Amino acid sequence: MEKIVIQGGTSLMGSLEISGSKNASLPILAAMLLCEGKTTVANLPHLQDVTTSLELLGSLGVELSIDENRYVEADTRTIHSLTTPSELVRKMRASILVLGPMLSRFGEAKVSFPGGCAIGSRPVDLHIAGMESLGAEIVIEDGFIKASRRERLRGATINLPFPSVGATENIIMAASLAEGTTRINNSALEPEIIDLVDCLNAWGANIRGAGKSTIVIEGVQKMNGGFFRVMSDRIETATFLAAAAATGGKIRTRNVDPTNISAVLEKLRKAGGDLTLGADWIELDMRGKRPKAVDFKTGPYPDFPTDMQAQFTVVNSLAIGTAYITETIFENRLMQVQELRRMGAKIALNDNEAVVTGVSKLTGTRVMASDLRASAALVIAGVAAEGETIIEEIHHVDRGYECFEEKLHQLGAKITRTSS
Ligand code: UD1
């Protein structure tokens, strides 16, 4: 089992390059299935979830190649299977994103119920209802979602009861090759949706309204494919900025869009960080100070992202004052709290609310990572803490952070990975 060992007490300093976005890459890789011609994607991060997606495409028969620039090219003419292997889907919830493209283009799809982080029950009812609205027949049998259509999917008006990111993406992709117009009301507004739509339009789709609450998809007969460069990872950016805030450091994140994490930047400012924004960089300087406690509540974009809740809990754990944190997206996403308490954090839990009373120092100990963002939070806590922190089950972090230790090392952290 691999673990990370950190000698803490370091203020992070320096500059780092942010990788391509995980959450934009996964739907874009699924979208390759919609195209008859070749598709090429650049700036894919080197992550476990991206590898799992590529394995999934490969298992369907998609021919994939990767060149020296790490551009991934896909050719779907060799597809021979429309069933996703359950061992791959179990590893990653985003595997459900192949449902819409396979069903729409090839007429059927058999996808097992997805897995992923243990942060909540995470049903896929909105994905299924969306496909049904477009005319698909869905049968749930033996742990599989079996989707089929007798004729081409038909455009429809779909009112999402909640702006689910994945359901919005799946419906957009399925509707891209449907007959007629689809309107998604209450669609998710996340920047990754805009990136997916830019990609689909570049590959031959006809979609407008991405980033607004109604997205309109005019179905096209076919999509030819082409080239697309994935946006940079706003959650990775925010994670490193939070790490600098927790450790009293000063860092610059490069290759970022400073406009798409405004909710986090606002809280970092309130925590006492001096922020400077460039065209494609963000610099945060804590001037060696402890952060100030900042209340926040997670919500769909543009609200504070649930994917940053665990990392910001660490900032508050070391802050001056008391902060109230409310998690509204997932019901079981405060799992880092128990481990942070073992490091000396003072956190009271009440359902989906955490009350964090900042302490002047955390102390290194042995802790266990439970999911992707909780792992990142424990690493930040370890860098800030006094003494040695050992984080077990660290494989979770590889799902979503490219070269995490290397990048932290570059910023001065004393961090190594060992296996035993
Ligand atoms: C995506 C992100 C994930 C992020 C989340 C919320 C990717 C690959 N993952 O996940 O990092 O934490 O958005 O910003 O982009 N729900 C239902 N029924 C459904 C679908 C969702 O009830 O059919 C619920 C979920 O259980 C959850 C909430 O809606 O409570 C949000 O889920 P959703 O927006 O769909 O998140 P994901 O697309 O899974």
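Bear in mind these aren't lab numbers, they're just calculated from the coordinates by the rules spelled out. This structure is a prediction, so every number in the text was calculated from the model and none was measured. Cβ coordinates were reconstructed from backbone atoms using ideal geometry, including for glycine residues, and neighbour counts include every protein chain displayed.
Applying 1/(1 + (r/R0)^6) with R0 = 56 Å to the Cβ-Cβ distance of Gln338 and Gln221, what FRET efficiency is obtained, to the nearest 0.05?
Working from the Cβ atoms, E equals 0.55.
Once the mean 1/r over all distinct Cα pairs of the range 206-254 is inverted, what Kirkwood radius in angstroms do you read off?
Its Kirkwood hydrodynamic radius stands at 14.7 Å.
How many angstrom lie between the Cα centre of the range 288-308 and the Cα centre of the range 142-206?
30 Å
Treating only the Cβ atoms of Lys and Arg (+1) and Asp and Glu (-1) as charged, compute the dipole magnitude of the chain about its Cα centre; round to the nearest 20 debye.
Dipole of the chain, to the nearest 20 debye: 840 debye.
Within a 10 angstrom radius of the beta carbon, how do Ser187, Ser65 rank from fewest other beta carbons to most?
Listing Ser187, Ser65 from fewest to most nearby Cβ atoms yields Ser65, Ser187.
How long is the gain from Ile138 to Phe113 if the chain were fully straight, where each residue apart is worth 0.36 nm and the alpha carbon distance is subtracted?
Here the segment from Ile138 to Phe113 would lengthen by 7.7 nm.
Be a star and scan the range 310-330 for residues whose amide nitrogen sits under 17 Å from the point 7 Å along the Cα-to-Cβ vector of Asp351.
Counting only backbone N, you get 324-330.
Sort the chain into rounded, prolate or oblate with this rule: let a ≥ b ≥ c be the square roots of the eigenvalues of the Cα gyration tensor; rounded if a/c is under 1.5, and if a/c is not under 1.5, prolate when a/b is larger than b/c, oblate otherwise. Present the calculation step by step, with values, prior to reporting the outcome.
On the way: a/c = 1.88, a/b = 1.82, b/c = 1.03.
Prolate, because a/c is 1.5 or more and a/b exceeds b/c.
Can you bin the range 257-304 into rounded, prolate or oblate? Criterion: square roots of the alpha carbon gyration tensor eigenvalues sorted a ≥ b ≥ c, rounded for a/c under 1.5, prolate for a/b above b/c, oblate for the rest.
oblate
If the cut-off is 18 Å between C-alpha atoms, which lysines fall inside it for Lys38, apart from same-chain ones fewer than 8 positions away?
Within the straight-line cut-off, Lys38 pairs with Lys222.
Arrange Thr182, Thr418 by Cβ neighbour counts within 10 Å, fewest through most, would you?
Numbers: Thr182 26, Thr418 11.
Ranking Thr182, Thr418 by Cβ neighbours within 10 Å, fewest first, gives Thr418, Thr182.
With each run of n ≥ 4 DSSP H residues scored as -39500 (n - 2.57), what mean residue ellipticity at 222 nm is computed for the chain after dividing by its residue count and rounding to the nearest 500 deg cm²/dmol?
-9000 deg cm²/dmol
For the chain, what does the relative contact order come out to in percent, with C-alpha contacts under 8 Å and a separation of six or more?
It comes to 21 percent, rounded to a whole number.
Less than 19 Å from a label point 7 Å out along the Cα-to-Cβ axis of Glu392: which backbone N atoms in the range 4-21 qualify, by residue?
4-7
When a/c is below 1.5 the answer is rounded, else prolate if a/b is larger than b/c, else oblate, so apply that to the range 262-420 with a ≥ b ≥ c taken from the square roots of the Cα gyration tensor eigenvalues.
Because its axes are fairly even, with a/c under 1.5, the range 262-420 counts as rounded.
Please report Phe227, Phe240, Phe144 as a ranked list, fewest other C-beta atoms within 10 angstrom at the top and most at the bottom.
Phe227, Phe144, Phe240
What full-extension length gain, to one decimal in nm, is calculated for Arg150 and Glu36 as 0.36 nm per residue of separation minus the Cα-Cα distance?
39.0 nm
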